[in-house]
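The values are calculated or read from the model by the stated rules, or taken from the named source; none is laboratory data. These numbers come from a predicted model, not from an experiment. All Cβ positions, glycine included, derive from the backbone under ideal geometry; neighbour counts span all protein chains shown. Ligands, DNA and RNA are stripped out before the accessible areas are found, and what is left, the full protein with its side chains, is counted by its heavy atoms. Shrake-Rupley method; radii C 1.70, N 1.55, O 1.52, S 1.80 Å.
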Amino acid sequence: MPVSYFLVLSALLFSIGVYGVLARQNAVLVLLSIELMLNAVNINLVAFSALLGQTGVPGQVFALFVIAVAAAEVGIGLAIVILIFRNRQSVDVEEMSLMKW
Amino acid sequence: MPEGYFGQYATIGIFVFVGVALVFGTLQLARLVRPNVPSYEKSTTYESGIDPIGEGWSQSNVRYYIFALLFVVFDVEAVFLFPWAIVFERLGTQALVEMVIFIGILAIALLYAIKKKVLEWL
Amino acid sequence: MATIGHQIVFWIIAVVMTVAAVAVVTARNVVHAALYLVGALMSAAALYILLLAQFVAWVQVLVYVGAIVVLMLFGLMLTNAPIGRASLDNNQRFLAAVTAGVLFLVTSFIMVRAFEGQSIDLVREQGTLTESVGEVIFSAYVLPFEVVSVLLLAALVGAIVIAKRD
Amino acid sequence: MFDITLATWQILVIKIIVILTVVPVGALVGGYAEHKVMAHLQHRLGPMYPGGFHGWATTLADGIKFLYKEDIIPAAADRKVFSLAPAAIMVPIIMTYLVIPIDRALIVEDLDVGIFYLLAVGSLSTIGLLMAGWSSANKYALIGALRSAAQLIAYELPIVLAAVVVAMLAGSLSLIDIVETQNWPFAIWPPGIGFIAFLLFTVGAVAEMTRVPFDMPVAESEIITGPFTEYSGMRYIFAHMFAEMGHMVAFGGIGATLFLGGYQPIVPIPFLDFIPGVIWFSAKTMFMIFLFLWIRPTFPRVREDQLQKFAWKFLIPVGLALVLVTGAWVLYV
Amino acid sequence: MAKVGSPSEERAGARGRVPSRHPEEGAAGAEGRFKTEEMILNVGPQHPATHGVFRLLATIDGEVLIDADPVIGYMHRGYEKLVEQRDYRQITNLVSRMDWLSGINNELPLALAVEKLMEIEVPPRAQYLRVILCEMNRILNHLMFFASFGAELGAITPTFYAFREREDIQRVMEATTGGRMHFGFFRPGGIKEDVPEGFVEGALAGVRQVIDRLPDYENLLVGNEIFKQRTIDIGILEEEAAYSYGVSGPIARGSGITMDVRKDEPYLVYDQFDFDVQSAPNGDCFDRFWVLIREVGESARIVEQAIEGLPPGPIMGKVPRVIQAPEGEVYVRCENPLGELGMYLVSDGDRRPYRLKIRTPSYSNVSALSYVLKNTYVSDMIAILGSFFFVLGDIDR
Amino acid sequence: MAQTQSASRADEALERVKSALKETISEPKVNFGTVDLICEPGDLVGVMTALRDSEGIECKFFGFLSAVDRSELGEGGGGLEVLIVVYSPVHFFSVAVHVPVAAAAPACPSVSGVYSGALWHERETHEMFGIVFEGHPQLSNLYLPEDFEGHPGLRSFKLPGRAVKDWPGAKDPEEAAAGGR
């Protein structure tokens, strides 16, 4: 099976994620979109791993690490969102300019 | 229907549909015999016989979030524990030391959480 | 025959995944968006199984669906986001769509060109064994493995410090 | 797999039929056992009339009764999520049956990732509970959903750690391999380690089933039936009763497989081999189920924070330590 | 679909109807606490844990109960007005229905009040039988709460045990009075009729069985570690607060108060029996429950003694055909199973009372609930509600 | 025997109450073992505090608070009065405090500051008798619906059913002859 199938699907998922990040105003939804993007990365990693056969196992290992990183990212990201929500009663990305300065 | 690896997962995939079919099939079956007499009173939200104050979709408490976070951390740990569990015997002491360090660091996380009293609610 | 079977399965997964992913970024209800994400993640897991990476697939289910989505749902219930398109999206939807579209076209063009003709041999009898995954982690990638624990520790400590500020 | 040659699709059909019988029958028998065991533990008889002999048809009658109940979806509820939730709870439970070996050759699929698959699939029910609780738009349901989700995730970890211990002792994740390596059941040998893991598993399993003493999420005296407060009729059966019983049978089977030697005789005496593995497996599963049933009339329920503290401050540290101890045992003893 | 809007605004609207917000909570709570996390939850009137139509307006934050306001009146039947329209004979049967778990104890103070005003001498046999019946009723009541408290904490087994024992005593009561809940057996001047044959044996067997099995009950719940965790130091009602709220009965005695009308101002023939006033010092759910269980044993002891000393003789004093209490007023206090049941009778010499104020124990006890419930867990709320042993009919009258 | 004991206790208590409260009260007497006294609304809070705290009295236990509408009571009659009963768990006697209040716009200071238990009793008395307890934190209805009209505790409030037809309670010959009222 051509590897490009998977790569294109991954690219599609990534682009949808990008759309979500750009178009969504709600911070939690932005995080959800980032998850889509990370998954796109994982699909690529696993696809390459399958492409390489037995030597490609490190690809899967990297996918595991990406999942671990995603877990940490979501944990911290949501904590920040919750903190901002507590202080401002809003989860609008637009209004979250406090980090800018 | 191929055998082996894909055969196994094909079966599992089919069972997903079987499970869904079981649930919704029974619901359809029930539709044949059950009464259906909707009324306004029946479709109201139950709150001990009183009209609810506020919304049902209120927020939860931040403590639940921290529990979930703790769980995520240890769940990721479990992910690495399983591959380790089946190879550590071959790799010997070195692998055990690696896991001791890994678990040690996560134990610090748990200790920190306990120390910070995120498990206390009042 | 096997390849055709794989093709069919791939297309089913691809369609489900795309629909679910699009639903994630367009849903009007935040909880629905999170549940659509479950769909997208599950189809990704199915894709991993198709790519012989069964361990990664079940890790995806265990960690992503069983833990991260639960965390997301808790987060959503904590922030009580309003429901409705207008308040969830900003007014750059068109711009975002164009950017995403261009990005998709460019990347997929590059990908297809770069990996033209290479194909995955899926007609193996065995998926990747958990054992081999374990061997790779604990021989070649010990350092990243330990770093993961530090990362998780840091994330937990950070999140507790942030969220606990009453 | 079988000596008799069957077409793969025939085997598949047989598997589907078997699972479709085992799951409901297991739930019905579990429900009946619950009625009767609890009754006798409480100095009473329990159901005696339906079906004639000791009320054997009670649960069947219950099920049929629920078939005839009206299915009400509250106006405030999120209809789509509300109707999907029972399936989201039920399907993962059915999925867990697929990898439990009833006998050497009697298993739907023996996966290389066996235990891990069980845990991954098991963790999906949490989403279903959150869906049920959230979509009901009911405060009791929401509180119940949060409670159950927090509890399920907290008590999944002791089970995971117990399973890791088993995997370490067996050196494999495949459930067939795990059973085959148990000359002595893991609950007996290695001394201490296996038994502690078994206890961790049992406690975790009771909590995962949200049964007394860990039934906070469905505590009827506090939050009615928690996430299922708004459910009625068949949906309620699937989301709650059937799920609980299905869970109980599944956990019974898993416990028997992981710790009691599954279809192997309980002690490695060749003489006992004449008893078929199915009998051994069923007996051990029933023992596990009896254990779960025994706990229920014995305890009051614990409080939500006590429950969380118990998991995080006691069970999980013990589990982590046990993993390391097991590692040392396997390497050096 | 949920409404879009400021949640705090909506809650403020709802809050308007919520009574008695405690000042220290209002100021510090609103600022320091993340207020949108709060949720107002109705517990009751139709809720499994409220023993009837009792409603608790609970403000909760996650699992923590910030504030709770009992709302009562769903069962208000206006006893104090009704009795002004009925003669004394009818009232005895009416007040029997106030606290439906201890019907015969409710009839007693009315009979005593009328007897005091009319200066009727009650024959000793009637007095003894009254004591026996009252104490048996007390055992029934306490066992009922033993059952329900366990059930509320999620332990189902005590229910079945308690009901098994209740049944034996219930049968004796039924054979004697003809009723299982509303006995209607006491009359001003004595009791309705003499006890049937087999009463003495039945009652003795019943209470001896209770005495025998009491250690079992204690082991079943009191010895259980989870039960201790759920009740010790939960829902503390201090002695001073208990006095100030007028809390009485086993609840007050769980707060270290040794107040028992039977002992302090003996009525009937209680001063002739040897029994102890059980009390426990801490005022938590465990102590309240412990006192309750202990009182079962004391009541059983009283019944045993009373049966032993049961004198022969008439069961009715000299009572005129139409009971007309002379002009005057009298206050009678009795130890109801749940606390002090007082009746303030104002008579204008008619066949019916001019005014009868009924001071029911549950009413005063429950008024202390919002004090105790502050800053507890939702699960503890149930434990506390259960440990406050109230009967709705007694609160609402 | 028991009666005499409590009667003598009440007599001693009466003396102590008299000496502690002096002229803020009137007509102190012992009535069936209960110390009975009358007090003006203005003095009420002071009297209750004294009853609770004075040495030798210590009526810490709050019995009840209610009201009696004496307007139809015999010739002597009388008006509306608030009735508070407290009990001394130390010296074992009860004190009944009668507080006459004006029939028109009845008002009385709240004793909820002295006895927390009065919070509910005052709410009940308020809705049943229309007595306003000044200083009560929240005097809303406890039993009756918010829009209920009238004060059922008053003698002038006739039960609607009774106004039309007497309760079929006439079983005695005397009663039937008297028309049942």
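Each of D:I115, C:I49, D:I188 has its accessible area taken with a 1.4 Å probe; listed largest first, they run D:I188, C:I49, D:I115.
Among D:241-253, D:70-82, how do they line up by average Cβ neighbours within 10 Å per residue, starting with the highest?
The most tightly packed comes first, giving D:241-253, D:70-82.
For chain E, the solvent-accessible area works out to 30 Å² per residue, with a probe of 1.4 Å and every protein chain left in place.
Take E:333-343, E:189-199 and order them by the average number of nearby Cβ atoms within 10 Å per residue, most first; the result is E:333-343, E:189-199. Around the amide H of E:N336, modelled in the peptide plane, lie the amide H atoms of E:L341, all under 5 Å away and 5 or more residues distant in sequence or on another chain. Between E:L65 and E:T376, E:Y377, E:V378, the built amide H atoms are under 5 Å apart, and every one of these is 5 or more places off in sequence or on another chain.
Largest first and in whole Å, give the semi-axes of the stretch D:52-93's equivalent ellipsoid, each being the square root of 5 times a Cα gyration tensor eigenvalue.
29, 15, 5
Across every direction, the projection of the convex hull enclosing the Cα atoms of the stretch E:8-396 has a mean area of 19.3 nm². Rounded, prolate or oblate, given the Cα gyration tensor of the stretch E:144-184, with a/c below 1.5 counting as rounded? Because a/c hits 1.5 or more and a/b exceeds b/c, the stretch E:144-184 counts as prolate. Loop-located chymotrypsin sites (Phe, Trp or Tyr not before Pro) in the stretch E:113-191 (DSSP state other than H, G, I, E, B) with a sparse environment of at most 14 neighbouring Cβ atoms within 10 Å are absent. As a ratio to 2.2 N^0.38 Å, the alpha-carbon radius of gyration for chain D is 1.01. For chain D, the relative contact order is 23 percent, taking Cα pairs closer than 8 Å that sit 6 or more residues apart in sequence and dividing their mean separation by the residue count.
Shape analysis of the stretch F:9-54 yields a ratio of the Cα radius of gyration to the Kirkwood radius, Rg/Rh, of 0.94. Cross-link pairs exceeding 21 Å in C-alpha to C-alpha distance, out of B:K115/D:K139; B:K42/D:K69; D:K309/E:K228; D:K15/D:K65; D:K80/D:K139, comprise B:K115/D:K139; D:K15/D:K65. Peptide C:21-33 has a mean of 6 when you count, residue by residue, the C-beta atoms of other protein chains within 10 Å of its C-beta. Take each residue of peptide C:92-99, count the partner chain Cβ atoms within 10 Å of its Cβ, and average: the result is 4. For D:G327, what is the net charge nearby, where nearby means another residue's Cβ is under 15 Å from its Cβ and Lys, Arg count +1, Asp, Glu -1? Residues near D:G327 contribute -2 overall.
Binning the alpha carbon pair distances of the stretch B:62-115 at 5 angstrom intervals from zero yields the distribution 5, 17, 24, 22, 14, 10, 6, 2, 1, expressed in whole percent.
Solvent-accessible surface of the stretch B:62-115, taken per residue with a 1.4 Å probe and all protein chains present: 27 Å². Principal semi-axes of the equivalent ellipsoid, √(5λ) from the alpha carbon gyration tensor of the stretch A:1-96, are 32, 16, 5 Å from largest down.
Counting only lysines at least 8 places from F:K60 when in the same chain, those with an alpha carbon closer than 23 Å to its own are E:K263, E:K357, F:K18, F:K22, F:K29. Our helix-only sum for chain E, with -39,500 (n - 2.57) per DSSP H run of n ≥ 4 divided by its residues, gives a mean residue ellipticity at 222 nm of -13500 deg cm²/dmol. The mean sequence separation of alpha-carbon pairs under 8 Å and at least six residues apart, normalised by the residue count of chain E, gives a relative contact order of 24 percent.
Distant-in-sequence amide contacts of D:I72, defined by a placed amide H-H separation under 5 Å and a gap of 5 or more residues or a different chain, comprise D:S232. Would the stretch D:277-333 count as rounded, prolate or oblate if I go by the C-alpha gyration tensor, calling it rounded below 1.5 in a/c and otherwise prolate when a/b exceeds b/c, oblate otherwise? Oblate is the answer for the stretch D:277-333, as a/c is 1.5 or above yet b/c matches or exceeds a/b. Each residue of the stretch D:236-243 was assigned a 3J(HN,Hα) from its phi angle through the Karplus curve 6.51 cos²θ - 1.76 cosθ + 1.60 (θ = phi - 60°); the sequence is 5, 4, 5, 6, 10, 5, 5, 5 Hz, with glycine and proline shown as x. Going by a ≥ b ≥ c, the root eigenvalues of the Cα gyration tensor, does the stretch D:197-333 fall in the rounded group (a/c under 1.5), the prolate group (a/b larger than b/c) or the oblate group? Judged from the Cα gyration tensor, the stretch D:197-333 comes out oblate (a/c at least 1.5, b/c at or above a/b). The F-E contact accounts for roughly 4900 square angstrom of buried accessible surface, both chains included, probe 1.4 angstrom. Using equal-weight Cα scatterers in the Debye expression, the normalised intensity of the protein assembly as shown in log10 at q = 0.06, 0.08, 0.09 Å⁻¹ is -0.61, -0.96, -1.12. Backbone geometry of the stretch E:193-200 corresponds, through the Karplus equation with coefficients 6.51, -1.76 and 1.60 at θ = phi - 60°, to 3J(HN,Hα) couplings of 8, 6, 6, x, 5, x, 5, 4 Hz, x marking Gly and Pro.
Partner shielding of D:82-95 amounts to 4, given as the average count of beta-carbon atoms from other chains within 10 Å of each residue beta-carbon.
Just want to confirm a number: the relative contact order over chain C, from Cα pairs under 8 angstrom separated by 6+ residues, in percent. Walk me through the intermediate numbers first.
Values: 91 pairs, mean separation 36.4, N = 166.
Averaging sequence separation for qualifying contacts and normalising by length gives 22 percent for chain C.
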